Amino acid sequence: MNIFRLAGDMTHLASVLVLLLKIHTIKSCAGVSLRTQELYAIVFATRYLDIFTSFVSVYNTFMKLVFLGSSFSIVWYMRYHKAVHRTYDREQDTFRHWFLVLPCLVLALLIHEKFTFLEVLWTFSLYLEAVAILPQLVLLQRTRNIDNLTGQYIFLLGGYRGLYILNWIYRYFTEPHFVHWITWIAGLVQTLLYADFFYYYFLRFIGGRGVE
Amino acid sequence: DTPKDFHDEL
């Protein structure tokens, strides 16, 4: 574990907590894409299958349970909780996210580190996570401007993988044989997809107004 | 450290 990866995990945890805070306390999911949340639930379900077979550390297992639990409960809240579901913007959240799942699965079957069931699903989760934010970014452009909590959620979610990139650079230089091109490229694509959002998000800080 | 096929990252 290094400071970049710890910062990345904490940023990711913060993004999940901000979203849970918004949904649980003010019972609103306005501006949040259910489709992105569904994709993230699939990402964690396929990435953490090894939670039963391999033990890395208490921290690792605990965080996996947190991310699994939070992603599924956010989907549950947005789908089935009356008050929250009422604030869900169904008409605007129309990105065909299931069209993202199949290509990622095919790509994982073609490009992976090892052709085993767990490894292919793990690789699939990497590819899917790289594009999982697309429905949310599309929804963002359709809804005029968003509240601060949603903006902070997206900012933290985009930032965590950026910190992971620093972690991979650090591990590449400090650990022999630490080379994972698939993870690195997927992580880079994922972070670059936020570039446009980061630009407007920082403008907001400079301008001191809501995210347009 | 954990064997190669382990994924020790989240």
Q.
Quick test for you: out of A:ILE146, A:ILE111, pick the one residue that is in contact (Cβ under 8 Å) with a residue 24 or more places away in the chain and farther than 24 Å from A:TYR199 by Cα.
A. A:ILE111
**Q.** Index of the failed condition, A:LEU109 passing every other in (1) in a helix (DSSP H, G or I); (2) farther than 17 Å from A:THR183 by Cα
**A.** (2)
Q | Tally, over region A:152-195, of residues that are under 12 Å from the mean Cα position of the chain (by Cα) and within 12 Å of chain B (Cβ to nearest Cβ) | A | 3
Q) Out of all the residues in region A:81-99, is one or more hydrophobic (A, V, I, L, M, F, W, C), within 12 Å of A:ILE42 (Cα to Cα), at pLDDT 95 or above and under 17 Å from the mean Cα position of the chain (by Cα)? A) no
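The values are calculated or read from the model by the stated rules, or taken from the named source; none is laboratory data. These figures come from a predicted structure and were not determined experimentally. Using ideal geometry, Cβ is built from the backbone for each residue, glycine included, and neighbour counts are taken over all protein chains shown.
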